[in-house]
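Report on the following structure.
The values are calculated or read from the model by the stated rules, or taken from the named source; none is laboratory data. As the structure is a prediction and not an experimental result, all values here were calculated from the model. So basically every Cβ, Gly included, is an ideal-geometry build from the backbone, and we count neighbours across all protein chains shown. To get the accessible areas, we keep the full protein, side chains included, count just its heavy atoms, and leave off ligands, DNA and RNA. Shrake-Rupley method; radii C 1.70, N 1.55, O 1.52, S 1.80 Å.
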Amino acid sequence: MACISPALTRRLRSLAVACLLAAAGGACTDSAPHPTAGDAEAFVADAEARLLELWSAHRRAAWVHQRFATGDTADISAAARRERLDGTARLAHAAARFDGVELSAALRRKLLLLRTGPAAVGPAAPELRQELWDLVAGSGRAFDRASACTMQTGACLDRPALERLFVESRETDERLDAWLGWRRAAAPGRPAYRRFVELANAGARELGFADAGARRRAAYDLPPEALGAELDRVWNDLRPLHESLHCLVRERLAETYGTAVAPPDEAIPAHLLASPWGGRWDELHDLVRTRDRDLWDDLTRSLERRRVDAAAMARLGERFFRSLRLGRLPASFWERSLLVPPADPDLGCRAGAWHIDAGGDVRLRMCVAGTGADVVAVHEMLGRAHYRWAYRFQDPLFRVGAAAGAFEVAVGGAMGLSMTPGYFVRAGLIERAPAADDIDVLLRRALDTLAYVPFGLAVERWRWGVFSGAVGVEAYNQTWWELRRAYQGVGPAAPRSEAAFDPGAEPPVAFNRRLLPGVIGRILQFQLHRALCEAAGDSGPLHRCSVFESPEAGARLRALIELGASRPWPDALEALAGTRSLDAGAMREYFAPLAAWLDARNAGRRCGWARPEVRLGRTLGAAPRA
C-alpha cells in the first residue's frame with residue numbers, strides 16, 4: 001500500500017472540510033462522495049479551531065465595549081458578533097451533512113451541539129442568513145434606543161429611567177402611563193418578528209428539525225417533544241408554593257395601591273411589579289418583608305463598619321472556594337476582572353462570568369456596591385467562573401455548561417444557597433447569627449428563584465407556539481397574555497389588542513435570549529445544593545446548610561464541573577445527586593418553613609386567580625390550569 005505524505009493528508013483533509021462548508025452554501029452537489037466518520041472527525045477538528053477564533057474575537061470586542069462604550073467600540077463589537085453568528089451558522093449547516101453517518105458518541109454529541117448551540121440559525125443561503133442577522137441586530141438596537149413616552153406629561157423615559165421609576169414610584173397612574181408608553185414603542189416590531197420566525201424556521205428545517213423551537217429544545221438532552229411535559233411536571237409540583245407567594249405579593253400590592261387596582265382573586269396587573277418586564281420579583285422584597293431589618297441589612301451594616309470593598313469581597317468569596325479545595329483562579333482573573341461600577345453612567349453593568357478565550361482567560365464583570373446582597377452575588381458569580389475554569393481542558397465544543405448553560409446557572413445558584421447566617425459567622429462577617437426566624441431570608445430567595453420559573457416557562461412556551469405555527473401572528477398578543485396569566489398570575493395593566501406587540505417589549509424576545517437555562521438552572525440549583533450538603537455530612541435543615549470548608553462537597557462539585565457539556569446532563573446529575581431527572585422536591589424541602597408560614601398566613605384569604613386554557617398543539621401540550 002502506497003504511503004501518503006503528511007502534507008498530502010492535510011491537503012485532502014482541508015479539501016474535504018472546505019467542500020463540507022461549501023455544502024452549507026449549496027456549492028457541493030449530490031455527486032460529492034458520501035461523508036464518512038473520518039470526514040466528520042476532520043470537520044469537527046477544523047470547526048472547533050474556527051469556533052475558538054470566533055468566540056475569542058467576539059468576546060474581546062464585547063469586553064472592550066463594556067469598558068469603553070463609544071460608537072466605534074459598539075460597531076466593532078457588533079461586527080465581531082455578526083461574524084461569530086454567521087460563522088457558527090455555516091458550521092451548523094455543514095454539520096447536518098453527517099446525519100445518518102455512524103459516529104462515536106462524543107463525535108455525534110459535538111455535531112448536535114453545533115446544530116443546536118446558536119440561539120438562531122438562518123437558512124444556508126448567504127443573503128437569507130444576512131437578513132436574519134439584520135433582523136436580530138435591528139430588534140436589539142430598537143430596544144436599546146426605545147423610550148417610554150408618557151401621555152400625561154409628554155416626557156420620554158429611556159430604559160434606565162423607566163427601570164428606576166418602577167422601583168421608586170408608588171403612583172399608579174404614572175406607572176401605568178410609562179408601562180403603556182414602553183409597549184407603544186415595541187408595537188412596530190411585529191412584522192419584523194414575523195419575518196424572523198420565518199427565517200429561523202427555514203434554517204431549522206434545513207438542519208433537520210421540525211421548526212426553530214424544536215431545534216432549541218433539542219439542546220437539552222431530551223426528545224424535543226418531551227421537554228415541555230417534563231418542565232410542566234416539575235412546575236405542577238412547585239405551583240402550590242408559587243400560588244401562596246403570589247397571594248402574599250398581591251395582598252401587599254393591594255395594601256399599597258388599593259384593591260381597585262390589585263383586586264383579590266385576579267392576576268396581578270403587570271405595571272404594579274417592581275420591573276417593567278415582570279420576570280424577576282426580587283425588588284418586591286421590601287413590600288413583603290416581615291421585619292424592618294433582615295440578615296441582608298445586618299450584613300450590609302457589618303460590611304460598612306469593616307470597610308469591605310469590592311476586591312476584599314471577591315477575595316472573601318475565593319476563600320470559600322479554596323475551602324472546597326477547588327483550586328485557585330489564575331492571577332489574570334484578579335488583574336482583569338471589573339468589580340466596581342463604571343465612571344460613565346451610560347455603561348451598563350450586567351453581572352456575569354466571562355470566558356474570553358474559552359481557555360485560561362476567565363474574568364468577572366460586576367458592580368459591587370458593598371451590600372449584603374452583593375456578598376451572595378459575588379459567590380454566585382465566582383461559582384460560574386470556577387465552572388468555566390474547571391472545564392477549560394475539555395474539547396472546545398464541550399467548554400460550556402451542561403444543558404445549554406443551565407448547569408452554570410445551577411452551580412452559581414447552589415453556591416449562593418450556602419450563604420447562610422452560619423457561614424457569615426464562620427467567615428467573620430457577623431458576630432452572631434440573628435435570633436429571628438429565617439422567613440425573610442427565604443422570602444428574598446423565593447422572589448429571586450421561584451418567581452422566575454413561571455415567567456421563563458410562559459415566554460418559552462409562547463416562542464415554541466409561534467415557531468410551531470400553533471400561535472399565529474393574529475394571536476401573538478392574546479396568547480402572550482394568556483400564558484403570562486396561566487403560569488405567572490400576571491395580567492396586562494390595561495386591555496390589549498393585536499395592534500400591539502407586547503412580547504417585543506420584553507428583553508428575552510427583543511434580544512432573542514434563551515430563558516430555559518435560567519428556568520432549569522433555578523430548579524437544579526436546589527438539587528445540587530442538597531446533594532452537596534449530603535456529601536458534606538450536614539443533616540440539618542436544607543436552608544441552613546453551607547458547604548463551606550467541606551472538601552468532600554468540593555470533590556463532588558469538581559467532578560461535575562470538569563465535565564462541561566461532554567456528557568448529557570442526566571449523566572452528570574446522576575453522578576452528583578443520584579437522580580437523572582429534574583425534581584422539585586429539593587426546592588420544596590428548602591422552602592418548607594416558608595411554605596408552612598405562607599399557608600398559616602394565607603388561611604381564610606382569597607388566593608389564586610382564573611387561569612385561561614391555552615392550547616399550543618400536541619407536541620407542546622397545554623398551559624397548566626387550576
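Of the trypsin sites (Lys or Arg not before Pro) in the stretch 154-200, the ones in a loop by DSSP (not H, G, I, E or B) with at most 11 other beta carbons within 10 Å are R170. If you take the alpha carbon atoms of the stretch 573-619 and fit the smallest convex hull around them, that volume is 111 Å³ per residue. Across the options G405, V368, W389, the greatest Cα extent toward the positive end of the charge dipole of the stretch 278-431 (unit charges at beta carbon of Lys, Arg, Asp, Glu) belongs to W389. One chain, two ends: A312 and A343. Fully extended at 0.36 nm per residue, the span grows by 9.2 nm beyond their Cα-Cα distance.
Extending 7 Å from the Cα toward the beta-carbon at both A155 and A142 defines two label points whose distance is 2.7 nm. For every other residue with a beta carbon closer than 11 angstrom to the beta carbon of G372, add +1 if it is Lys or Arg and -1 if Asp or Glu, then tell me the sum. So the environment of G372 carries a net charge of -2.
Going by amide H atoms built from the backbone, whose H comes under 5 Å of the H on L157, apart from near neighbours? Hits under the 5 Å cutoff: A148, C149, T150.
The D599 and T290 beta-carbon pair, evaluated with R₀ = 22 Å, returns a calculated FRET efficiency of approximately 0.90. Figure legend: label point modelled 7 angstrom from the Cα of E283 along Cα→Cβ; residues of the stretch 434-450 with amide N under 15 Å from it are 448. Cα convex hull, the chain: 166 Å³ per residue, rounded to a whole number. Under the simplified labelling scheme, the S539-E53 pair shows an inter-label distance of 5.9 nm, with each label point 7 Å from Cα along Cα→Cβ.
What shape does the stretch 75-217 have by the C-alpha gyration tensor, where a ≥ b ≥ c are the square roots of the eigenvalues, rounded means a/c under 1.5, and otherwise prolate means a/b greater than b/c and oblate the rest? Here the stretch 75-217 falls in the prolate category. Expressed as a whole percent, the accessible surface of the stretch 303-406 that belongs to carbon and sulfur atoms is 48, based on a 1.4 Å probe. Within the chain, helices built from complete DSSP H runs that reach 30 Å or longer along their own axis (Cα positions) and carry a mean Kyte-Doolittle hydropathy of -1.0 or higher are 37-67, 71-95, 224-257.
For the stretch 384-492, just say rounded, prolate or oblate: build the C-alpha gyration tensor, square-root its eigenvalues into a ≥ b ≥ c, call rounded for a/c under 1.5, and beyond that prolate if a/b exceeds b/c, oblate if not. Oblate is the answer for the stretch 384-492, as a/c is 1.5 or above yet b/c matches or exceeds a/b.
Name the residues whose placed amide hydrogens come within less than 5 Å of the amide hydrogen of G491, ignoring near sequence neighbours (fewer than 5 apart) on the same chain. For G491, whose amide H was placed from the backbone, the distant partners under 5 Å are I268, A270. If you plug the beta carbon distance of R205 and E127 into 1/(1 + (r/R0)^6) with R0 = 25 Å, you get a FRET efficiency near 0.90. Report summary: the helix-based calculation at 222 nm, which adds -39500 (n - 2.57) for every DSSP H run with n ≥ 4 and divides by the residues of the chain, gives -18500 deg cm²/dmol. Taking trypsin sites (Lys or Arg not before Pro) across the stretch 319-369, the ones in a DSSP loop with at most 16 further Cβ atoms lying within 10 angstrom of their Cβ are R325, R328, R350.
Running Debye on the stretch 136-273 with equal point scatterers at the Cα sites and no solvent, what base-10 log of I(q)/I(0) appears at q = 0.12, 0.16, 0.20 Å⁻¹? Here log10 of I(q) over I(0) equals -0.80, -1.05, -1.07.
Normalised Debye scattering of the stretch 415-547 at q = 0.23 Å⁻¹ gives log10 I(q)/I(0) of -1.38, counting only Cα atoms as equal scatterers and leaving out solvent. Solvent-accessible surface of the stretch 260-375, taken per residue with a 1.4 Å probe and all protein chains present: 45 Å².
Each residue, E589 and E83, gets one label point 7 Å from its Cα in the Cβ direction; the gap between the two is 4.9 nm.
Sum up the charges of everything whose Cβ sits under 14 Å from the Cβ of A559, counting Lys and Arg as +1 and Asp and Glu as -1, but leave A559 out. Within the 14 Å Cβ shell, the charges total 0.
Each of the peptides 112-122, 34-44 was scored by the mean count of other Cβ atoms within 10 Å over its residues; in descending order, highest first, they stand as 112-122, 34-44.
Starting from the Cα gyration tensor of the stretch 334-439, take the square roots of the eigenvalues, sort them a ≥ b ≥ c, and report rounded, prolate or oblate (rounded when a/c is under 1.5, otherwise prolate if a/b is larger than b/c, else oblate). Here the stretch 334-439 falls in the oblate category.
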